[in-house]
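One structure below.
The values are calculated or read from the model by the stated rules, or taken from the named source; none is laboratory data. Here the structure is a predicted model, which is why all the values come from computation and not from measurement. Cβ placement follows ideal geometry from the backbone for every residue including glycine, while neighbour counts extend to all protein chains displayed. Side chains included, ligands, DNA and RNA excluded: accessible areas come from the protein's heavy atoms. Shrake-Rupley method; radii C 1.70, N 1.55, O 1.52, S 1.80 Å.
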Amino acid sequence: MIGAVLTVVWANLWKSDLRVADVRVGGNSVVADREILSLANISKDQKLYGVDLLAAQKRVQQNAFIKSAAVNREAPNRIAINVIERVPIAAVVLDRIEYLDAEGFVLPPVRSENIFDVPVLTGTFQSSEVVPGKQIVRSDVREALAILAAAQDLGVEVYRRISEIHLEPGKDIMLYTAESGVPVIFGR
């Protein structure tokens, strides 16, 4: 019995003295590893079980490109950060190009090596409704994004054939093909 108690005490002392030797990032393609590591703010040589995983997760999720993040300990000395990013599905051109994901979230300006080849939404947009980090709630924009998401589900070839979606309040949605700009009336 004494041996078992000593083993438990020794294991807890050993566990409490473990240090972070490595922080790994996974699941990202748009946001750079260094930016995620900077947001997580987990320093090496910090006590492994002293790291506030929930606080690090919340800091990583402050980046508008990050849809969700999971921060976990991997014994004996590693922290793993796995993220799911928001993927641009369309662009809106105002003063500058703003990207939207399938849920209508406006993504911040891209600081990535990736170039997004996505259809453009045109029509009447107010700059106050296209704010990075916010979600567009206009029904016609949400419908256009649903059309693009359905096209992606059908296959990349179908999605790539859409060049532009023109939106006018109270009118039909108009798609233009990437080849020759053929207009396709997409009713409500």
Between residue 160 and residue 116, how many nm apart are label points set 7 Å from Cα along the C-beta direction? 1.9 nm
Among 37, 72, 181, the residue whose Cα sits farthest towards the positive end of the charge dipole of the chain, when +1 is placed on the Cβ of each Lys and Arg and -1 on the Cβ of each Asp and Glu, is 72
Obtain the nm distance between the two label points defined at residue 44 and residue 146 by a simple spin-label model: each point lies 7 Å from its Cα along the Cα-to-C-beta direction. 5.0 nm
Dipole magnitude of the stretch 77-161 about its Cα centre, charges +1 at Lys/Arg Cβ and -1 at Asp/Glu Cβ only, in debye to the nearest 20? 200 debye
At R0 = 30 Å the Cβ-Cβ FRET efficiency linking residue 171 and residue 135, nearest 0.05, sits at 0.80
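What net charge do the residues around residue 46 carry, taking every other residue with its C-beta under 11 Å from that of residue 46, with Lys and Arg at +1 and Asp and Glu at -1?
On the way: positive: 19, 44, 47; negative: 45, 52.
Value of the local net charge: +1.
Given the chain, what count of lysine pairs have C-alpha atoms under 17 Å apart, with each pair 8 or more places apart or on different chains? Provide the component values of the computation, followed by the final result.
Values: 15/44; 15/47; 58/67; 67/134.
Number of lysine pairs found: 4.
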On the formula 1/(1 + (r/R0)^6), with r taken between the Cβ atoms of residue 97 and residue 24 and R0 of 22 Å, the FRET efficiency rounded to 0.05 is 0.10
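Considering all projection directions equally, how large on average is the shadow of the alpha-carbon convex hull of the stretch 72-167, in square nanometres?
Details: hull surface 32.3 nm².
Reported value for the Cα convex hull: 8.1 nm².
Measuring with a 1.4 Å probe in the full set of protein chains, what accessible area per residue, in whole Å², belongs to the chain?
Values: 11140 Å² over 188 residues.
On a per-residue basis, the chain sits at 59 Å².
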The size of the Cβ-based charge dipole (Lys, Arg +1; Asp, Glu -1) of the chain about the Cα centre, to the nearest 20 debye, is 820 debye
Show log10 I(q)/I(0) for the chain at q = 0.12, 0.13 Å⁻¹, two decimals, from a solvent-free Debye sum over equal Cα scatterers. -0.68, -0.75
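Would you mind working out the magnitude of the charge dipole of the stretch 126-188 relative to its Cα centre, with +1 at each Lys and Arg C-beta and -1 at each Asp and Glu C-beta, to the nearest 20 Debye?
Values: 7 positive and 9 negative charges, 31 e Å.
Around 140 debye, computed over the stretch 126-188.
Using just the helices of the chain, give the 222 nm mean residue ellipticity in deg cm²/dmol: DSSP H runs with n ≥ 4 each add -39,500 (n - 2.57), and the total is spread over all residues, rounded to 500.
On the way: 5 runs with 52 residues, N = 188.
Calculated at 222 nm, the ellipticity per residue is -8000 deg cm²/dmol.
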Once Lys and Arg are counted +1 and Asp and Glu -1 for all other residues with Cβ under 11 Å from that of residue 176, the total becomes -1
